[in-house]
Amino acid sequence: MYALRFETRALWTQLVLAAAYVLPIAWLGHITSSGVLDGVLGGMSGLYVCSHPARHAIDVLFADRFALRRIWSSRSGAWWLALNGVVLLAGWLLIFLGIVQLIRA
């Protein structure tokens with residue numbers, strides 16, 4: 001049977017990856033000298049960042065039918081779920097900024 005663990009290391013790593021793209025774009029307006037390359041980097045890294053919360057959602061929905069009860073019954077589970085939501089929003093932000101960089105190019 002699948003054992004649901006509330007591991008957060010990969011999620012925090014994804015947030016650091018998102019910040020590594022967003023902060024230079026916010027301050028400098030670009031990372032490389034090419035807007036197309038900046039857009040592709042943003043889109044691809046956004047999809048990668050979104051893949052971890054998506055994987056967790058699929059695991060919760062299909063691998064363990066009692067997972068939602070365990071998530072909501074503990075404080076660590078609720079925080080893990082909230083962190084998944086934050087990482088998903090960060091991934092969407094990366095994709096959006098990547099699209100904006102492509103449009104500007």
| field | Pair list, Cβ under 9 Å, 6 or more apart: region 10-27 residue without any contact (Cβ under 8 Å) to a residue 60 or more places away in the chain and hydrophobic (A, V, I, L, M, F, W, C), other residue surrounded by fewer than 16 Cβ atoms within 10 Å (Cβ to Cβ) and in a helix (DSSP H, G or I) | value | LEU17/TYR48
| query | Quick check: is even one residue across region 3-10 at pLDDT 85 or above, over 23 Å from ALA105 (Cβ atoms) and part of a helix (DSSP H, G or I)? | reply | yes
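Just to be sure, is VAL16 touching a helix residue (DSSP H, G or I) at 6+ places or on another chain (Cβ under 6 Å), farther than 15 Å from VAL100 by Cβ, assigned to a helix (DSSP H, G or I) and not hydroxyl-bearing (Ser, Thr, Tyr)?
Criteria not met by VAL16.
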| message | If I ask for residues that are within 18 Å of LEU15 (Cα to Cα) and without any contact (Cβ under 8 Å) to a residue 12 or more places away in the chain, which ones from region 55-77 would you list? | response | ARG55
| query | Which of the following residues is under 18 Å from the mean Cα position of the chain (by Cα) and of a type in the set (Ser, Thr, Tyr): SER45, SER73, SER33? | reply | SER45
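The values are calculated or read from the model by the stated rules, or taken from the named source; none is laboratory data. This is a predicted model, so every value here is computed, not measured. Note: ideal-geometry Cβ built from the backbone for every residue, glycine included; neighbour counts use all protein chains shown.
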